[in-house]
Amino acid sequence: SEAAVHSALQWLARHQNDSGGWSPRVLEGGVERRIGGHDRKGAGSEADTGITGLVVLAFLGSGHTHWEGMHRQVVKRGVEYLVRQQAQDGNLAGAARLFARMYCHSMATLAISEAYAMTGDPQLSPVVKRAARYTIWAQHPSSGGWRYQPGDRGDTSQFGWQVMALRSAQFAGVEISATTRQLNTRFLRSVLHGKAGGLASYRPLQQASRTMTAEALVCRAFLDWPRNEAAIQEGVQFVMGELPGSGKKNFYYWYYASLALHQVQGPHWQRWNQALQRELLGLQRQQGEQAGSWDPDTVWGAYGGRAYSTAMAALCLEVYYRYLPLYQ
């Protein structure tokens, strides 16, 4: 897996554009597949800050920062690109359109926050603070979630990215108010299901799904909820019903499930990790111009393109040394 991550980072470094970012339009993204029957208008085509955020996170996750590591110049240009995209209100969405805007903001915020937390670079401090303030402002004022536009009633998919961005900003020294924490708890509780409350749906009152259950398990840990063994085991058992290789290739699901199971540890994590590595190592391109990358033929890959699929696969393989188990 170490060799696979190294190869992925090499491919990503070769495909950084002149601005310092990674463009979905150039790298097979922005293709509309009508996932779940919904037309999102090729949402990823202008999602440059989100894709760049994920790519920068992949470099950071392997220990490369804009101050040190063999890829420091690549990371430096990526971070500088993201900083240049920040609007006066703190928004980091860049030119992304409706369905992608808040995703892009959270992914870019997460990347800059982690770059700041890893280096203490004082130039990034005001950028992180402005981005976090925008995230908090965009939260629904009563139900506590996030969706496509500021003030929308939330969904769990969006929620997970915003929670991780705020968690990382918190590690970087940004204070998160009690009100924001209470709203986070309120939203997460609104999407929980199951006998022990261990399952989760995309939106309140909808049917639970494995992807949203994995994301909710991650949020439990990152929001510092007390460990509820019954709820966690209910969620874990549900997620383990679809290991990598047994369903559609969905790097988004694999990423959140890897994060969740790594937090829980134990035999379920070991079994999941073995299946994950077997699948990802088998799918990585080994020859030609695309060597080191992963094809964007996954559930959400057509929107983000090859840089998205490669960054997400690398992040999956980095989980075990990227995030310490917070429950331990």
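When we screen Glu46, Glu28 for residues that are open to solvent by 30 Å² or more (accessible area, probe 1.4 Å) and either within 17 Å of the chain's Cα centre (by Cα) or on the phi < 0 side of the Ramachandran plot (or both), the only hit is Glu46. For the range 62-80, a residue qualifies if it is assigned to a helix (DSSP H, G or I) and either crowded, with 22+ Cβ neighbours inside 10 Å or among the β-branched types (Val, Ile, Thr) (or both), and the qualifying residues are Val74, Val75, Gly78, Val79. Considering only residues of the range 266-292 that are under 20 Å from the mean Cα position of the chain (by Cα) and farther than 18 Å from Ala8 by Cβ, which is most open to solvent (accessible area, probe 1.4 Å)? Checked the range 266-292; the qualifying residue most open to solvent (accessible area, probe 1.4 Å) is Trp269. Among the residues making up the range 136-152, those that are over 11 Å from Ala93 (Cβ atoms) and either polar (S, T, N, Q) or touching a helix residue (DSSP H, G or I) at 6+ places or on another chain (Cβ under 6 Å) (or both) are Ile136, Gln139, Ser142, Ser143, Gly144, Gly145, Trp146, Arg147. Just one of the listed residues (Tyr320, Tyr252) is more than 24 Å from Gly194 (Cβ to Cβ), aromatic (Phe, Trp, Tyr) and surrounded by fewer than 24 Cβ atoms within 10 Å (Cβ to Cβ), namely Tyr320. Within the range 81-133, being part of a helix (DSSP H, G or I), open to solvent by 30 Å² or more (accessible area, probe 1.4 Å) and more than 15 Å from Thr52 (Cβ to Cβ) holds for Leu98, Phe99, Tyr116, Ala117, Met118, Pro122, Gln123, Pro126, Lys129, Arg130, Arg133.
For Arg130, the criteria (1) out of contact with any helix residue (DSSP H, G or I) (no Cβ under 9 Å at 6 or more places or on another chain); (2) free of Cβ contacts under 8 Å to residues at least 40 places away in the same chain; (3) under 23 Å from Ala111 (Cα atoms) hold in every case but one, which is (2).
The set of residues in the range 134-149 that are surrounded by fewer than 17 Cβ atoms within 10 Å (Cβ to Cβ) and in a helix (DSSP H, G or I) contains only Trp137. For beta carbons closer than 6 Å, sequence separation of 6+ or different chains, a first residue in the range 200-219 that is acidic (Asp, Glu) and a second that is part of a helix (DSSP H, G or I) and open to solvent by less than 10 Å² (accessible area, probe 1.4 Å), the qualifying pairs are Glu215/Thr156; Glu215/Gly160; Glu215/Tyr256. With respect to Gly37, is the statement that it is more than 19 Å from Ala8 (Cβ to Cβ), over 19 Å from the mean Cα position of the chain (by Cα) and free of Cβ contacts under 8 Å to residues at least 24 places away in the same chain true? So Gly37 fits the description; yes. Pick from Thr185, Thr179, Thr156: which is touching a helix residue (DSSP H, G or I) at 6+ places or on another chain (Cβ under 7 Å), within 22 Å of His105 (Cα to Cα) and either modelled with pLDDT of 95 or more or open to solvent by 10 Å² or more (accessible area, probe 1.4 Å) (or both)? Answer to the selection: Thr156. Annotation: Arg306 fulfils all but one of (1) under 27 Å from Arg97 (Cβ atoms); (2) among the basic types (Lys, Arg); (3) in a loop (DSSP other than H, G, I, E, B); the unmet one is (3).
Scanning the range 84-132 for residues that are hydroxyl-bearing (Ser, Thr, Tyr) and closer than 13 Å to Gln149 by Cα turns up Tyr103, Ser106.
The values are calculated or read from the model by the stated rules, or taken from the named source; none is laboratory data. Just so it is clear, the model here is predicted, and its values are computed rather than measured. Note: ideal-geometry Cβ built from the backbone for every residue, glycine included; neighbour counts use all protein chains shown. All accessible areas refer to the heavy atoms of the entire protein, side chains included, with ligands and DNA or RNA removed. Shrake-Rupley method; radii C 1.70, N 1.55, O 1.52, S 1.80 Å.
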